[in-house]
1. Between A:Arg81 and A:Ser155, 0.36 nm times their residue separation minus their Cα-Cα distance comes to what?
2. Would you work out if the range A:1-66 is rounded, prolate or oblate? Take a ≥ b ≥ c from the square roots of the eigenvalues of the alpha-carbon gyration tensor; rounded if a/c is under 1.5, else prolate when a/b is larger than b/c, oblate otherwise.
3. Arrange the residues B:Trp106, A:Trp14, A:Trp78 by how much accessible surface each exposes, largest first, with a 1.4 angstrom probe.
4. Give me the one-decimal nm value for the distance between modelled label points at A:Lys169 and B:Met94, 7 Å along each residue's Cα-to-Cβ direction.
5. Working out 0.36 nm times the residue gap between A:Arg92 and A:Gln13, then minus their Cα-Cα distance, what length gain in nm do you get to one decimal?
6. Please compute the length gained on full extension between A:Ser49 and A:Ala67, using 0.36 nm multiplied by the number of residues separating them and subtracting their Cα-Cα distance.
7. What lysines sit close enough to A:Lys158 to cross-link, taking a C-alpha to C-alpha distance under 17 Å and skipping anything fewer than 8 places away on the same chain?
8. Once ligands and nucleic acids are excluded and a 1.4 Å probe is used, how much of B:Asp86 is accessible, expressed in Å² to the nearest 10?
Amino acid sequence: MDAATDPINEECQWLRRARLGDPTAFAALYVRHSAAVYTLALRMSGQRSEAEDLTQETFLRALQSLASAREGVSLGPWLKRITANLAIDRQRRLRPGAELDEDWSDGRAVQPGDSLDLIDALTRLDPVVRSVVWLSLVEGWSHRELADRYGRSESWSKSLLSRAVARLKLEHTA
Amino acid sequence: MNEIDALRRRLAELPVESPPPSVWLNLQLAQAELNPRPPVRRGQRWRVAAAVLLLALVPALVWRIPQPEPASAYPETRAAALRALDRELQLKYMRGASDVELEPLWRQREQLLQLPDPAPDAAHTIRI
């Protein structure tokens with residue numbers, strides 16, 4: 001793979017040009033990473049309007065923090081970390097320190113024989129629960145990291161994940 | 001495979017989704033304000049403010065109602081976004097990307113092309 005097609009080298013060049021204010025370079029970074037950022041925002045928030053806000057805010061923060069982005073590695077993980085932190089901050093602002101109720105759902109009852117697709121089942125979870133599930137299982141966050149960001153204990157994170165997995169298994173039939 | 005691993009696999013297989021073009025447009029307007037090069041020329045700051053207000057209040061109408069020409073950065077950044085998308089598609093094809101990987105980029109491109117023509121003064125053929 002030559003320098004022109006090596007994705008990491010390419011991002012490095014875009015990053016340097018974006019730091020100098022090149023809009024084409026920033027556009028290239030947006031094109032490469034916006035879908036992954038938006039999908040993460042959507043999975044955590046469960047709402048498209050909020051996911052759009054989170055995506056926009058992520059790239060705005062990135063634009064203002066380009067000097068701190070590391071060269072030589074993909075910007076994807078850095079951008080998704082910004083997104084996740086923004087989403088968690090929003091969740092903590094909306095419900096500071098509140099306990100999750102036992103139901104975890106949005107109130108819609110699951111009828112016997114219901115077959116929910118997985119996205120619907122995820123959306124029905126409490127936003128914090130949904131975020132813990134996604135960040136842990138898909139984004140690879142450790143329970144230590146989750147506990148630190150939510151201001152809770154590791155056992156809280158593990159318990160939440162365990163119960164959510166059981167709930168998703170109950171509601172989602174393949 | 002235990003339950004957690006099975007769920008992890010199913011979650012990872014969920015489709016990737018692309019943000020609507022309004023996110024990109026809003027970013028460009030914000031970037032035009034933040035970035036001193038090229039500067040937003042005097043006399044056009046009201047257009048930036050008008051475009052931001054329009055996009056914030058009626059995002060669903062952006063693609064349907066002809067809008068006053070937005071910030072001077074818009075035509076260039078729309079073209080820049082299309083060039084970036086095309087280059088990304090080219091690279092992904094060269095690397096043998098799957099249809100699943102390509103689909104979000106094609107969708108983004110299609111949405112961007114559906115935006116109003118940013119160059120109304122561009123030369124065009126008139127039939128006599």
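1. 24.4 nm
2. Values: a/c = 3.37, a/b = 1.76, b/c = 1.92.
The shape class here is oblate.
3. From most accessible down to least: B:Trp106, A:Trp78, A:Trp14.
4. Calculated label separation equals 4.6 nm.
5. Full extension of this stretch gives 24.8 nm more.
6. Working: separation 18, 0.36 × 18 = 6.48 nm, distance 2.91 nm.
Difference between extended and current length: 3.6 nm.
7. Cα-Cα hits under 17 Å: A:Lys169.
8. 60
The values are calculated or read from the model by the stated rules, or taken from the named source; none is laboratory data. Note that the coordinates shown come from a computational prediction; the quantities given were computed from them, not determined experimentally. Every residue, glycine as well, gets a Cβ built from its backbone with ideal geometry; the counts of neighbours run over all protein chains shown. Side chains are part of the model used for accessible areas, which takes the heavy atoms of the whole protein and leaves out ligands, DNA and RNA. Shrake-Rupley method; radii C 1.70, N 1.55, O 1.52, S 1.80 Å.
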